[in-house]
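> Could you have a look at this structure, given as structure tokens, before my questions?
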Amino acid sequence: MDEHSNIDSIFDKYLDEDNPIFINREILSPNYVPEYLPHREDKFEEMAKILGPALRGGSPSNIFIYGTTGTGKTAVTKYVLKKLKKKADEREIEFSFSFFNCQHIDTKYRVFAQLCDDIAVDVPFTGLHFDIVYQKFKEGLDELKTLHIIVLDEVDSLYRKSTESLYILTRLNSELVQSKIGIIGITNDVNFKETLDPRIRSSLSEEEIVFSPYTAEQLKDILNQRVEKALNKDALEFGVLNLCAAIGAQQHGDARRSIDLLRVAAELAEREGAEKVTELHVRKAQQVIERNTVVEVLGSLPIQTKAVLQAIFIGESKSEELNTGDVYDIYSSICKLIRLDRLTPRRVSDLINELDMLGLVTARVISKGRYGRSKRINLTIPKAQVKEILEKDFRLSKVFEENSV
């Protein structure tokens, strides 16, 4: 029997059979932006009014957009800017914009190299002195005599990695002669403004737009809009949309979560050869997504944070009660073994708090009477998953071998 026959038959199934589930699966993809977003009309109008002065040659206010994940912040911003660009082109008004996902931009050089690329100024992605890249961008932008809006999605991530980048951007208008820039910052952190350096806060003079979470009913409307174009009629069992919407509403009104659930559930039904997506498929999809999210978060952690997490893993494998001091002792041993610079106890405590915020561990403060207070630390995710991800780092895999866990 041909060893590839099973693979061929799987591919042939997708090519030859009518699909009882999908019409267009891209409609449910994370990158799809619909022409219309239900229940966000007020935010479209609010943003359009702030940016409108650009069409008269004025400088719009900087905008800070707050809201939890999946509430439409990025989609509304992209839609309004595309509409503004189209209107500006019709009236022959110079206007352009750049869009950054700050999870992937971590230095001022990368920020300005990307900005140069967006206005067709040629600079290498690495290699030049930052002052040269900065000067090239200023000169290139001034030659265009334009208003350029810079969108910083997840701006809090950029600020943590490179405070100076945001400071330089807020001061850029004072050095431009024939062009202007505007800044739109998007963040899930409603307290982000309070963490800003006072110099940056005073330069921004921003307007704020807050996106409230979607309700279950609103999420159902959003799903209905997608389903009409994405799935065949009668592809869903009764109750599937209600369940997807309810789970998304529990996750802080997250539309992205509800849409992902529906997409993965439909894909699972398709693989099974089912004619309908059922609530059971949604429950299975929930497990798949949660596992994938944990894998993604763990894999993206910096090496120091991974070392702290590994210390918690090892400590919990050897003792039922684990406090900050225990974790630090094990962490110190890990640093010595893999020749990693050892952080201070205070910084390790901060990293434990970050792991707590990510939902990977719990760090509860407990009273020890006259001995003061301490943190009781526990993993919140399966140990097998933690070990599987950490072992992929060759340095940390050596620690597991030494500790026989």
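The values are calculated or read from the model by the stated rules, or taken from the named source; none is laboratory data. No experiment lies behind these values; they were computed from the predicted model shown. Cβ atoms come from the backbone with ideal geometry, glycine included; neighbour counts cover every protein chain shown. The area values use the complete protein model at the heavy-atom level, side chains included, leaving out ligands, DNA and RNA. Shrake-Rupley method; radii C 1.70, N 1.55, O 1.52, S 1.80 Å.
> With the structure loaded, tell me whether Glu92 is in a helix (DSSP H, G or I) and surrounded by fewer than 17 Cβ atoms within 10 Å (Cβ to Cβ) or whether it fails that test.
Here the answer is no, as Glu92 does not meet what is asked.
> Does region 170-178 include one or more residues that are of a type in the set (A, V, I, L, M), in contact with an Asp or Glu (Cβ under 6 Å, 6 or more places away or on another chain) and not in a loop (DSSP other than H, G, I, E, B)?
Checked region 170-178: no residue is of a type in the set (A, V, I, L, M), in contact with an Asp or Glu (Cβ under 6 Å, 6 or more places away or on another chain) and not in a loop (DSSP other than H, G, I, E, B).
> Can you report the number of residues in region 121-141 which are open to solvent by 20 Å² or more (accessible area, probe 1.4 Å), of a type outside the set (Ser, Thr, Tyr) and either under 27 Å from Phe64 (Cα atoms) or part of a helix (DSSP H, G or I) (or both)?
Matching residues across region 121-141 total 7.
> Say whether the condition of being more than 17 Å from the chain's Cα centre (by Cα) and aliphatic (A, V, I, L, M) is met by at least one residue in region 296-305. Break it down into steps so the answer makes sense when it comes.
Here is the first cut: in region 296-305, the residues more than 17 Å from the chain's Cα centre (by Cα) are 303-305.
Subsequent filtering for residues that are aliphatic (A, V, I, L, M) retains 303.
Yes, that holds for at least one residue.
> Out of the residues in region 244-271 that are open to solvent by 30 Å² or more (accessible area, probe 1.4 Å) and not in a helix (DSSP H, G or I), which is farthest from Ala285 (Cα to Cα)?
Residue satisfying both the conditions and the ranking: His252.
> Let me ask something else. Might you check whether a residue that is within 25 Å of Ser300 (Cβ to Cβ), basic (Lys, Arg) and modelled with pLDDT of 85 or more occurs anywhere in region 372-379? Steps first, please.
In the first step, residues of region 372-379 are kept if they are within 25 Å of Ser300 (Cβ to Cβ); the result is 375, 377-379.
Those still in the list that are basic (Lys, Arg) too: 375.
If we keep only those that are modelled with pLDDT of 85 or more as well, we get none.
No, because not a single residue in region 372-379 is within 25 Å of Ser300 (Cβ to Cβ), basic (Lys, Arg) and modelled with pLDDT of 85 or more.
> Could you check region 44-75 and list, in sequence order, the residues that are closer than 18 Å to Asp254 by Cα and either open to solvent by 60 Å² or more (accessible area, probe 1.4 Å) or touching a residue at least 60 places away in the same chain (Cβ under 8 Å) (or both)? First the steps, then the outcome.
Restricting attention to region 44-75, the residues satisfying the condition of being closer than 18 Å to Asp254 by Cα are 65-75.
Hits for region 44-75 are Ile65, Tyr66, Gly67, Thr68, Thr69, Gly70, Thr71, Gly72, Lys73, Thr74.
> Let me ask something else about it. Pull up region 228-243, narrow it to residues that are at pLDDT below 95 and part of a helix (DSSP H, G or I), then point me to the one that is most open to solvent (accessible area, probe 1.4 Å).
Among them, the one singled out is Glu228.
> Same structure again: Being closer than 16 Å to Gly70 by Cα and more than 20 Å from the chain's Cα centre (by Cα), is that true of even one residue in region 272-287?
no
> Can you tell me how many residues in region 19-51 are under 17 Å from Lys78 (Cβ atoms) and either among the charged types (D, E, K, R) or in a helix (DSSP H, G or I) (or both)?
13
> Now, a different point. Pairs needed: first member in region 326-349, without any contact (Cβ under 8 Å) to a residue 40 or more places away in the chain and on the phi < 0 side of the Ramachandran plot; second member anywhere, surrounded by 15 or more Cβ atoms within 10 Å (Cβ to Cβ) and of a type in the set (Ser, Thr, Tyr); C-beta distance under 6 Å; at least 6 residues apart or different chains.
What qualifies is Arg342/Ser332; Pro345/Tyr328; Ser349/Thr324.
A quick yes/no check of all residues on (1) within 23 Å of the chain's Cα centre (by Cα); (2) under 25 Å from Gln114 (Cα atoms):
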site	(1), (2)
Lys145	no, yes
Ser162	yes, yes
Val177	no, yes
Gly182	yes, yes
Val190	yes, no
Ser203	no, yes
Glu228	no, no
Leu236	no, no
Gly253	yes, no
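> Thr278: farther than 26 Å from Lys387 by Cβ, among the polar types (S, T, N, Q) and open to solvent by 20 Å² or more (accessible area, probe 1.4 Å), yes or no? Lay out the reasoning, then the answer.
Details: farther than 26 Å from Lys387 by Cβ: yes; among the polar types (S, T, N, Q): yes; open to solvent by 20 Å² or more (accessible area, probe 1.4 Å): yes.
In short, yes.
Yes or no, residue by residue, for (1) open to solvent by 60 Å² or more (accessible area, probe 1.4 Å); (2) touching a Pro at 6+ places or on another chain (Cβ under 8 Å); (3) of a type in the set (Gly, Ala, Ser):
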| residue | (1), (2), (3) |
| --- | --- |
| Glu164 | yes, no, no |
| Ser179 | no, no, yes |
| Gly182 | no, yes, yes |
| Thr187 | no, no, no |
| Val190 | yes, no, no |
| Thr195 | yes, no, no |
| Ile200 | no, no, no |
| Ser203 | no, no, yes |
| Val210 | yes, no, no |
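> Which one is farthest from Thr187 (Cα to Cα), of the residues in region 100-120 that are open to solvent by less than 30 Å² (accessible area, probe 1.4 Å) and in a loop (DSSP other than H, G, I, E, B)?
Only one residue fits best here, namely Ile119.
> Please list, ordered by first then second residue, the pairs with beta carbon atoms under 8 Å, 6 or more apart or interchain, first in region 204-217 and at pLDDT below 95, second among the hydrophobic types (A, V, I, L, M, F, W, C) and assigned to a loop (DSSP other than H, G, I, E, B).
Cβ pairs passing all conditions: Leu204/Leu196; Val210/Val190.
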